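This report refers to the structure that appears directly beneath it.
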Amino acid sequence: AHNTLVRGMNITNSTASDGYLHWNDLLIDISPFAWANIGVSAAIGVSVLGAAWGIFVTGSSLVGAAIKAPRIRSKNLISVIFCEAVAIYGVIMAIILETKAGTPPPQFMVPGLEGVYKLSFSGYGIFAAGLVVGLSNLCCGICVGIVGSSCALSDAQNPALFVKILVVEIFGSALGLFGVIVGIIMTAGCSFQDTR
Amino acid sequence: MAGDMMTFNIKDGFMEAVCRGFRSGLLNTTDYSNICQCDCLDDVKQQLACTDYGDFLSNEHPPIATTTIAEKSTDKLVQEFNWVRSQSTAPLTKFLDYIRYSYMIDNVILVITGTMHDRDPHELLEKCHPLGLFDSLASLCAATKTSELFQLVLVDTPLAPYFSEAVTDADLDELNIEIIRNTLYKAYLEDFYKFCTAMGGATAEVMGDILKFEADRRAINITINSFGTDLTKDDRAKLLPSFGFLYPEGLTRLEQAEDFQGVRDACECYGPYRNIFADVGYSSEKSLEDAFFEFEVAQNRLAFEQQFHYGVFYAFVKLKEQEIRNIVWIAECIQQDQKSRINQYIPIF
């Protein structure tokens, strides 16, 4: 039965059948599938939050500044593209994580304790990777957005500043990449498909 | 505060960018040197047509007067300000209204003084600053006592809270009108300062500095102007704003000052003012007023160094006004053929 699948991890010998006695019992009883899917949703959801935040911060300044300095319109769309890249990192990671989490095969049986360990490991791993990617993309998106806004305003004032501030943005967008790299490494050994 | 950077653009990002666009239209040193080299006001008009001003004078019949230039430039500023204000949302709208209140106070005092000297109301209304116009301004011409003023007209305007200290039953004469003006302005400045500090973040920082200087400048001017009049020291003390870089020690010393040297000593405690008074030496050409304008321009210029705050709107209005003063000064020098003094305008950028 489902409960025995996970209660194998429960080593406190608590035999109460109608409630949880410790926090540990509750947390252990959360299914690894739940952890994994929350991780996937964090990866895409929080990344898109960061990207959208960055785009509106940049976009409002860009629209205003372009009134008096129309030449900045096309060049400064690069800032918006950097923010969009953050959302794309989130999508890519969410797809990768989802293929790892995936649908368990129909004859899903877990013989022995090692299968349970592997399931838990995968569940926690995918959850954490989703958080890593989501939060790093959130910060990256906001950072690139604020710098992009300053970039648009400075470019309108003095065209020589554009490339210099773009360098700052490039460094900022590397933050999202860090999250993706770490997330991929974390979930290298995670899988729900093969737990034998 | 970090939070400012992330959320400012939700409501005010567009307006700030537009304001900075206006700022880049301010005349720079090349424009000024071009205008200074003109021989007549028509040349000035042509030079201004190449700048952000465009053909704002194109409908005027030659010969153009300097007053027309001043009027049309102010119109341009008012247009830009009203456009920004109509697009803004709270709390930016409230902030922009605060900028207007100082002009409203000036207009109210102008109308009262004019009425006292029996001037024509229409003439008075034409002289009012366009940024400070409000609906019931014309009915001020009918009032004779301050209590009437307040109860009949001003209680409905945004200036009402500033009048509580100024309402007396005394008749309106020269001295009292100046006292009313300064009491109003003191209440307005303190209210504005409270509003800006309540906003927090970069706005509080930038506007705090600018308003503190404004308060000190008022205090120094009131003190200097009161030498030789009937104003007692106690009355003078009541007119000085209760904030600023000089507050509280410098202000107590200012209250005791009896001559210009006393004012100078009172300001010794604050570095930048010491420098200002050092510039305004005993025989130099620069007056205290010019030195204050220069300092104000420097502070307003600094406001543009930070992003995501409201100080840029205030700074833009003040810098534009200074630019209008500069253009009128240059035009007057050209018209009166006093080219030697033409470089005494205050460059902005």
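In the context of the full set of protein chains, residues of region B:14-152 present 47 Å² of accessible surface per residue (probe radius 1.4 Å, heavy atoms only). In terms of the Cα gyration tensor, with a ≥ b ≥ c the square roots of its eigenvalues, is region B:222-277 rounded because a/c is under 1.5, prolate because a/b exceeds b/c, or oblate? Oblate shape, in that a/c is at least 1.5 and b/c is the bigger or equal ratio. Burial here means at least 40 square angstrom less accessible surface with every protein chain in place than with the chain by itself, probed at 1.4 Å; in region B:5-28 the buried residues are B:Met6, B:Asn9, B:Phe14, B:Ala17. Normalised size of region A:54-196, defined as Cα radius of gyration per 2.2 N^0.38 Å with N residues, equals 1.43.
In deg cm²/dmol, rounded to 500, what helix-only [θ] at 222 nm does the protein assembly as shown give when every DSSP H run of at least 4 residues adds -39500 (n - 2.57) and the total is split over its residues?
On the way: 21 runs with 368 residues, N = 545.
Taken over the protein assembly as shown, the calculation gives -23000 deg cm²/dmol.
If you sort the three axes of the alpha carbon gyration tensor as a ≥ b ≥ c, you get a/c of 1.5 or more for region B:1-113 and a/b no higher than b/c, which makes it oblate. Along the charge dipole of the protein assembly as shown, pointing to its positive end and built from +1/-1 on Cβ of Lys, Arg, Asp and Glu, which listed residue (B:Ala278, B:Gln336, A:Val182) has its Cα farthest out? So the residue furthest toward the plus end is A:Val182. What figure in square angstrom, to the nearest 10, would you give for the accessible area of B:Trp83 with a 1.4 Å probe? B:Trp83 has an accessible surface of roughly 100 Å² with all protein chains in place.
For the pair B and A, how large is the buried accessible area, both sides, in square angstrom to the nearest 100, if the probe is 1.4 Å?
On the way: alone 16830 and 10580 Å², together 26030 Å².
Result for this pair: about 1400 Å² buried.
Any of B:Lys76/B:Lys318; B:Lys186/B:Lys212; A:Lys68/B:Lys11 with alpha carbons more than 18 Å apart? Name them for me. It would help to have the intermediate numbers written out before the result.
Numbers: B:Lys76/B:Lys318 14 Å; B:Lys186/B:Lys212 12 Å; A:Lys68/B:Lys11 20 Å.
In this structure, A:Lys68/B:Lys11 lie more than 18 Å apart at Cα.
Inter-chain Cβ neighbour count for A:150-159, averaged per residue, equals 3 (cutoff 10 Å, partner chain atoms only).
In debye, nearest 20, what is the charge dipole magnitude of region A:29-105 about its Cα centre with +1 on Lys and Arg Cβ and -1 on Asp and Glu Cβ, if you could check?
The dipole of region A:29-105 has a size of about 600 debye.
Could you check how much of the accessible area of chain B is carbon and sulfur, as a whole percent, using a 1.4 Å probe? It is 49 percent, rounded to a whole number. In the elastic network of chain B, a GNM with C-alpha springs shorter than 10 Å, the most mobile of B:Gly208, B:Gly114, B:Gly271 is B:Gly271. Along each principal axis, taking the top coordinate minus the bottom one, the Cα set of region B:73-122 gives 41, 23, 13 Å in descending order. Shape summary of region B:192-298, radius of gyration then Dmax from alpha carbon positions: 14.2, 44 Å. Straight-line reach from B:Lys127: taking Cα to Cα under 14 Å and skipping same-chain neighbours fewer than 8 places apart, the aspartates and glutamates in range are B:Glu71, B:Asp75, B:Asp106. Using a 1.4 Å probe on protein heavy atoms, which residues of region A:53-81 have at least 20 Å² less accessible area in the complex than alone? In region A:53-81, residues shielded by partner chains: A:Trp53, A:Phe56, A:Val57, A:Ser60, A:Ser61, A:Gly64, A:Ile67, A:Lys68.
Roughly to the nearest percent, how much of the accessible area of region A:58-168 is carbon and sulfur, given a 1.4 Å probe? Display every interim value, and only then the final one.
On the way: 3720 of 4990 Å².
The nonpolar share, carbon plus sulfur, comes to 75 percent.
Classify chain B from the C-alpha gyration tensor, please: rounded if a/c falls under 1.5, else prolate or oblate depending on whether a/b exceeds b/c. Rounded, because the longest to shortest axis ratio a/c is under 1.5. Dipole magnitude for chain B: about 840 debye, using +1 per Lys or Arg Cβ and -1 per Asp or Glu Cβ, origin at the Cα centre.
Comparing B:Gly21, B:Ala215, B:Ala237 along the charge dipole axis of chain B, the residue lying farthest to the positive side is B:Gly21, per the Cβ-charge model.
The values are calculated or read from the model by the stated rules, or taken from the named source; none is laboratory data. Being a predicted model, the structure only gives us computed values, none of them experimental. All Cβ positions, even for glycine, are placed from backbone atoms using ideal geometry, and neighbour counts span all protein chains on display. Heads up: the accessible areas ignore ligands, DNA and RNA and are worked out on the full protein's heavy atoms, side chains in. Shrake-Rupley method; radii C 1.70, N 1.55, O 1.52, S 1.80 Å.
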